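The values are calculated or read from the model by the stated rules, or taken from the named source; none is laboratory data. All figures in this text were calculated on a predicted structure; none of them were measured in a lab. Ideal geometry is used to build each Cβ from the backbone, glycine not excepted, and the neighbour counts take in all protein chains shown.
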Amino acid sequence: MLPSDARGASCARGQAYSVVSDLARIRLAYLAEILSIKLLAGQGRTKCGHCFKVWLLMRFYLDNCIFNRPFDDQSNTRVRLETEAKLYMQQCIKEGKAELVWSYILDFENDQNPFEEKRTAIDKWKKLAVVDIEETDMLKKRADSYVAHGVKAKDALHVSAAIAGHADYFVTTDDRLLNKLCEMTEIQAANPVDVVGGI
């Protein structure tokens, strides 16, 4: 399910993110399977006591740390779970069940990546984006307002690009950023596990 209070869940996660057990990993797989069934059925009914919202062309903005998650140490349970959630979201994008927003700041950060394999793998996702956001005065002005609230400059540009691209969710694994964004109302920010699993 894609909960309306995902932003609040992300804030709580940012404040105290405990190591996720293998049981949580199994739960994610179960929820992903249920979501797949829902998508095929095109329904949003209640099942097994849980209320699921149809994930129909939901639009996501994934920041640079999300795109790099599969390249991080997968022996860490949190990293592995976030990677699985991210890969599931990307599979939905590939299958046309969700939309991806890209931006010039993603291009800029990816170009700075010293590892060619990572750069190439991430750059391929640009072709699947439904919109590629370029820098505008309005975007920079909005970014400046986020910086004034303590958000780092590059992060503020990512968030502003997500808003300009009409993303439903700004997805990141950066707890500090999630804590900052939980105070904002222009866009819902969430950890990928929160988005996919509704944890």
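Screening Asp137, Asp107, Asp111 for residues that are surrounded by 13 or more Cβ atoms within 10 Å (Cβ to Cβ) and more than 13 Å from the chain's Cα centre (by Cα) leaves exactly one candidate, Asp107.
Scanning the range 129-168 for residues that are modelled with pLDDT under 95 and closer than 21 Å to Cys92 by Cβ gives a single hit, Asp168.
Taking the conditions exactly as written (modelled with pLDDT under 95, surrounded by fewer than 16 Cβ atoms within 10 Å (Cβ to Cβ) and β-branched (Val, Ile, Thr)), does Thr185 satisfy them or not? So Thr185 passes the test. Name the single residue, out of those in the range 140-170 being of a type in the set (Gly, Ala, Ser) and surrounded by fewer than 19 Cβ atoms within 10 Å (Cβ to Cβ), that is nearest to the chain's Cα centre (by Cα). Here the answer is Ala153.
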